[in-house]
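Some notes on the structure that comes next.
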Amino acid sequence: SDPTTGPETDEDGDGSGDDDDEDNVDIPVEQVYDLELSKAVTSAGPYQQGSTVEYTLTITNDGSLNAAGIEVTDTPQEGLTFVSSDADGVAVTEVSPTVYTIAALAQGETQTIVLTYTIDATFQGTSLNNAAEITEDDGDDVDSDPTTGPETDEDGDGSGDDDDEDNVDIPVEQVYDLELSKAVTSAGPYQQGSTVEYTLTITNDGSLNAAGIEVTDTPQEGLTFVSSDADGVAVTEVSPTVYTIAALAQGETQTIVLTYTIDATFQGTSLNNAAEITEDDGDDVDSDPTTGPETDEDGDGSGDDDDEDNVDIPVEQVYDLELSKAVTSAGPYTQGSTVEYTLTITNDGSLNAAGIEVTDTPQEGLTFVSSDADGVAVTEVSPTVYTIAALAQGETQTIVLTYTIDATFQGTSLNNAAEITEDDGDDVDSDPTTGPETDEDGDGSGDDDDEDNVDIPVE
């Protein structure tokens, strides 16, 4: 050996430079290639349709070996729309909104990528998932494999969620909210026989689409159904009072127009028509289709919740009784003659009448003989007073009174007056408490239609 030479020189001629004045040993150095990815939501909720969501991906080199050629793939659930990305270093390249490359990541270094999404305005779910994974690198990762996904347990811990992949869920607040309003869309005034048009407007005020909606209309007795008309093909008339709407997307409105007539014999002064959503496929935030207006569903202190509505219309009614008197016997008339008078009481109004009293006032010189009425409703209280128990709208009652002219009568004419002196209503153009001296209907004459009188000549 030669201390002046090294192992590159064969000093002892044995063909090897490793002579006995020198020696060397190798030690193995363990190295680890280990990349880790974590994902976190770094924006503040709550989240609903249209909200912005920020996710931060953190890629860390947990190994001892430097890494390069790293590819990260983000996989947002449908319902998330990409807005922007931002990285804290120059080593990141956005290949596409969901794919990013990191040129190099030395041992112990970390790289973050911030991704911003919005939740679609029509998203219908209650949660959204967003996953991310390292899908390519330049090493042999100790506990993960970029070529497999979360369905594969790469590190043998019994879970497919390995440290090169991560996913997060966010809750999405949704509202199921149907509203019904009802309006009278025809022009009054209204009376018996009038046509009334109601428009029901059903609106989806919520964020969730709705289906299987049933609407029930409840007209007061006195309204008779004529027809229905809807502005969309989604409406089915199950019956004149029940309608179904197959589907109503968030923000959409469906109208149903219902036409009724007021019954010809209706006696009230107003009519109510109510409508309600009586079935749907969701859990409405402020109403319940299984309860009616007697229940306060939204806690506002009123039973009139937004899935139900009702409207009143005034109905004009007229109370109007008329009395006419005619001589229905043949003259000429002299002392001792018989005279027949016919009183005709007619209900010219729209309201039924009852408790009618008729008073006959013959001039002195006429002596009562008999009375005859054409209906059982008339009672003779006295020879000059008669009551009619009931007289429906449009009906007529006659009372025939027979008198004789006194044998000693000295005049040349005789008058006989009659008047309605009592009834159960507020007559539009007469007053049973006043006589012919009062102009009740404002026509300039005291002879109003609840009173009449006739003269006969006496020879």
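For segment 75-88, the criterion of being assigned by TED's automatic domain parsing to the domain that holds TYR117, crowded, with 17+ Cβ neighbours inside 10 Å and at pLDDT below 95 is met by at least one residue. Which members of segment 229-255 meet the condition of being hydrophobic (A, V, I, L, M, F, W, C) and within 30 Å of GLN48 (Cβ to Cβ)? Within segment 229-255, ALA234, VAL235, ILE245, ALA246, ALA247, LEU248, ALA249 meet the criteria.
Of all the residues that make up segment 330-361, how many are in contact (Cβ under 8 Å) with a residue 12 or more places away in the chain and not in a strand (DSSP E or B)? Summing the residues that are in contact (Cβ under 8 Å) with a residue 12 or more places away in the chain and not in a strand (DSSP E or B) in segment 330-361 gives 11. When the residues of segment 345-370 are filtered to those that are surrounded by 17 or more Cβ atoms within 10 Å (Cβ to Cβ) and of a type in the set (Ser, Thr, Tyr), the one that is nearest to GLY193 (Cα to Cα) is SER350.
The residues of segment 89-102 that are surrounded by 14 or more Cβ atoms within 10 Å (Cβ to Cβ) and part of a strand (DSSP E or B), listed by number, are VAL92, GLU94, VAL99, TYR100, THR101, ILE102. From the list THR338, THR334, THR253, THR265, the one residue that fits, being closer than 30 Å to VAL358 by Cα, touching a strand residue (DSSP E or B) at 6+ places or on another chain (Cβ under 6 Å) and loosely packed, with under 15 Cβ neighbours inside 10 Å, is THR338. On inspection, GLU71 qualifies as of a type in the set (D, E, K, R), in a strand (DSSP E or B) and on the phi < 0 side of the Ramachandran plot.
Residues that are within 16 Å of the chain's Cα centre (by Cα) and charged (D, E, K, R) number at least 1 in the following strands (runs of 3 or more DSSP E) confined to segment 197-263: 210-219.
Per the listing ALA132, ALA121, ALA187, ALA103, the residue uniquely at pLDDT 95 or above, of a type outside the set (Ser, Thr, Tyr) and closer than 30 Å to GLN267 by Cβ is ALA187.
Residue by residue, here is whether (1) surrounded by 18 or more Cβ atoms within 10 Å (Cβ to Cβ); (2) modelled with pLDDT of 95 or more; (3) assigned to a loop (DSSP other than H, G, I, E, B) holds:
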residue: PRO3; (1), (2), (3): no, no, yes
residue: ASP10; (1), (2), (3): no, no, yes
residue: ASP14; (1), (2), (3): no, no, yes
residue: ASP18; (1), (2), (3): no, no, yes
residue: TYR33; (1), (2), (3): yes, yes, yes
residue: GLU36; (1), (2), (3): yes, yes, no
residue: GLY50; (1), (2), (3): no, yes, yes
residue: TYR55; (1), (2), (3): yes, yes, no
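Of all residues in segment 159-204, those being out of contact with any strand residue (DSSP E or B) (no Cβ under 6 Å at 6 or more places or on another chain) and closer than 23 Å to GLY251 by Cβ number 5.
Residue check: is SER127 surrounded by fewer than 13 Cβ atoms within 10 Å (Cβ to Cβ) and within 18 Å of ILE170 (Cβ to Cβ)? Against the criterion (surrounded by fewer than 13 Cβ atoms within 10 Å (Cβ to Cβ) and within 18 Å of ILE170 (Cβ to Cβ)), SER127 qualifies. All of (1) more than 19 Å from SER194 (Cα to Cα); (2) surrounded by fewer than 15 Cβ atoms within 10 Å (Cβ to Cβ) hold for SER270 with one exception: (1). Would you confirm, using the coordinates I've provided, whether ASP281 is at pLDDT 95 or above, in a loop (DSSP other than H, G, I, E, B) and of a type in the set (Asp, Glu)? Spelling it out, ASP281 is indeed at pLDDT 95 or above, in a loop (DSSP other than H, G, I, E, B) and of a type in the set (Asp, Glu). Just to be sure I understand, how many residues within segment 80-108 are without any contact (Cβ under 8 Å) to a residue 12 or more places away in the chain and aromatic (Phe, Trp, Tyr)? Result for segment 80-108: 0.
The values are calculated or read from the model by the stated rules, or taken from the named source; none is laboratory data. Because the structure is predicted, anything quoted here is derived from the model rather than measured. Glycine also receives a Cβ, built like all others from the backbone with ideal geometry; neighbour counts cover every protein chain displayed.
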